[in-house]
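This report refers to the structure that appears directly beneath it.
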């Protein structure tokens, strides 16, 4: 099962995530991830407040519980003003076109 881990919040977005990356990579569960540019540089359609999402990881794990276990390794899950949202990734819709 693939999950998207959304890194969000008001606190410092450039936290050290080495432990999470090492554990997920070594287990073959880390698909990818990126930090995002400052929300002030984004384009919102329609115009609204920029989101507080500043990075993400995609993981491929056996269970939801494993996704939660990995997410807890992220410092965002413990830092004041930060959080990690765990969302299941549905089947790709692009294949339907």
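For the range 44-61, what are the residues that are touching a helix residue (DSSP H, G or I) at 6+ places or on another chain (Cβ under 9 Å) and in a strand (DSSP E or B)? The answer is 53, 54, 55, 57, 59. Being surrounded by 12 or more Cβ atoms within 10 Å (Cβ to Cβ) and over 14 Å from residue 3 (Cβ atoms), is that true of even one residue in the range 56-73? For the range 56-73, residues surrounded by 12 or more Cβ atoms within 10 Å (Cβ to Cβ) and over 14 Å from residue 3 (Cβ atoms): absent.
Does residue 8 count as in a loop (DSSP other than H, G, I, E, B) and farther than 17 Å from residue 89 by Cα? So residue 8 fails the test.
Kindly evaluate residue 7 against the criterion of being surrounded by 11 or more Cβ atoms within 10 Å (Cβ to Cβ), touching a strand residue (DSSP E or B) at 6+ places or on another chain (Cβ under 8 Å) and closer than 16 Å to residue 77 by Cα. Yes, satisfied. Among the residues making up the range 18-35, none is part of a loop (DSSP other than H, G, I, E, B), exposed (fewer than 15 other Cβ atoms within 10 Å of the Cβ) and in contact with a strand residue (DSSP E or B) (Cβ under 6 Å, 6 or more places away or on another chain).
Quick note: the coordinates plus some simple rules give every number you see, no bench work behind them. Source: prediction; values computed, not measured. Note that each Cβ is placed from the backbone with ideal geometry, even for glycine, and that neighbours are counted across all protein chains shown.
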